[in-house]
Amino acid sequence: MTLPILYNCPPSGNCYKVRLFAALVGIELEIRNVDLAAGAQKTAEFTALNPWQQVPVFQDGETVIWDSQAILVYLAETYGKHDWLPSDPVGRAKVAQWLSVAVNEIQHGPADARLVKLFGYPLRYDDAAKASERTLKIIDDYLSGHKWLATERPTIADCAAYPYLALAPQGEISLEPYPSLRRWISDVEALPGYIPVDQ
Ligand SMILES: N[C@@H](CCC(=O)N[C@@H](CS)C(=O)NCC(=O)O)C(=O)O
């Protein structure tokens with residue numbers, strides 16, 4: 001049997017989103033690690049898969065998808081149970097809303113702070129820390145009245161948002177002031193099949 005391929009980088013939170021969801025729903029993947037530090041994402045071969053020269057990339061036969069949010073949508077539709085991506089208009093829109101937050105507010109807050117502290121990326125740490133404060137506060141307030149992000153049950157929105165929220169302390173962003181966010185993180189970690197990020 002040919003397994004779908006995930007072009008992956010072990011400490012990447014975006015790649016971890018895909019590995020996490022695959023583990024939660026029991027999708028077996030062939031993992032191909034891409035050495036970002038050595039510039040393997042910039043080769044002609046990899047650029048043909050993803051012109052943005054980024055991981056993750058997912059390849060399922062002839063189908064190639066880049067962007068972790070898009071891969072989650074594909075996996076939920078193709079392999080996952082429909083519960084992970086609701087089919088009703090409101091549920092679908094709420095999932096899209098949080099996928100957007102994952103790429104924008106979460107990326108430019110705790111994910112960027114982690115890039116600076118863990119990998120020395122030339123980004124402005126103070127800006128990322130300030131953005132993190134606002135983002136984490138808004139999400140914490142929201143989660144004080146909601147068990148999961150998009151619907152009454154976990155969806156791909158939770159998988160997309162979880163990695164860089166849970167890994168915020170690696171960017172020296174404390175989760176201490178956010179009890180509802182910490183409760184949600186524990187709930188994600190209690191899901192059957194949960195796997196932690198590679199280090
Ligand atoms: N929106 C994309 C972002 C992907 C992304 O930023 N990937 C990073 C690793 S987390 C990457 O491949 N960077 C390549 C580089 O730094 O040259 C996604 O969600 O997949």
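Remarks
- Computed label-point distance, nm, for sites residue 125 and residue 64 using a 7 Å Cα→Cβ extension: 3.8 nm
- Calculated accessible area for segment 13-171 comes out at 49 Å² per residue, all protein chains present (probe 1.4 Å; ligands, DNA, RNA ignored).
- For segment 5-82, the share of DSSP beta bridges that are antiparallel, to the nearest 5, is 65%.
- Cα-projected label distance for residue 44 with residue 186, points at 7 Å along beta-carbon direction, nm: 5.5 nm
- GNM top mover of 35, 67, 112 - the chain, alpha-carbon springs below 10 Å: 35
- Label-to-label distance for residue 141 and residue 30 is 4.8 nm, based on points extended 7 Å past Cα in the beta-carbon direction.
- Here r is the Cβ-Cβ distance between residue 174 and residue 97 and R0 is 25 Å; the resulting FRET efficiency, rounded to 0.05, is 0.45.
- The chain, helix-only ellipticity at 222 nm - DSSP H runs n ≥ 4, -39,500 (n - 2.57), divided by all residues, nearest 500: -14000 deg cm²/dmol
- Pairs from the list 17/94; 17/117; 94/130; 42/130 with a Cα-Cα gap above 23 Å: 94/130; 42/130.
- Within the chain, percent of DSSP bridges classed antiparallel, to nearest 5: 65 percent
- Rounded Å value of the spacing that divides the Cα centres of segment 19-41 and segment 78-143: 20 Å
- Kirkwood Rh and Cα Rg combined as Rg over Rh, evaluated for segment 5-82: 0.95
- Length gained when the stretch residue 37-residue 108 is fully extended (0.36 nm per residue, less Cα-Cα span): 23.4 nm
- Highest-MSF residue in the chain out of 85, 165, 143 [GNM, Cα springs under 10 Å]: 143
- In Å², nearest 10: area of residue 28 left accessible to a 1.4 Å probe: 120 Å²
- On segment 5-82, 53 percent of the accessible area sits on carbon and sulfur atoms, based on a 1.4 Å probe.
- Under 13 Å, Cβ to Cβ, from residue 30 - net charge with Lys/Arg +1 and Asp/Glu -1: 0
- Considering only 169, 154, 177, the mean-square fluctuation computed in a Gaussian network model of the chain, springs between alpha carbons under 10 angstrom, is largest for 177.
- A Cβ-based charge dipole, computed about the Cα centre of the chain with Lys and Arg at +1 and Asp and Glu at -1, lands at about 260 debye.
The values are calculated or read from the model by the stated rules, or taken from the named source; none is laboratory data. Source: prediction; values computed, not measured. All Cβ positions, glycine included, derive from the backbone under ideal geometry; neighbour counts span all protein chains shown. Calculation scope for accessible area: heavy atoms of the full protein, side chains included, ligands and nucleic acids excluded. Shrake-Rupley method; radii C 1.70, N 1.55, O 1.52, S 1.80 Å.
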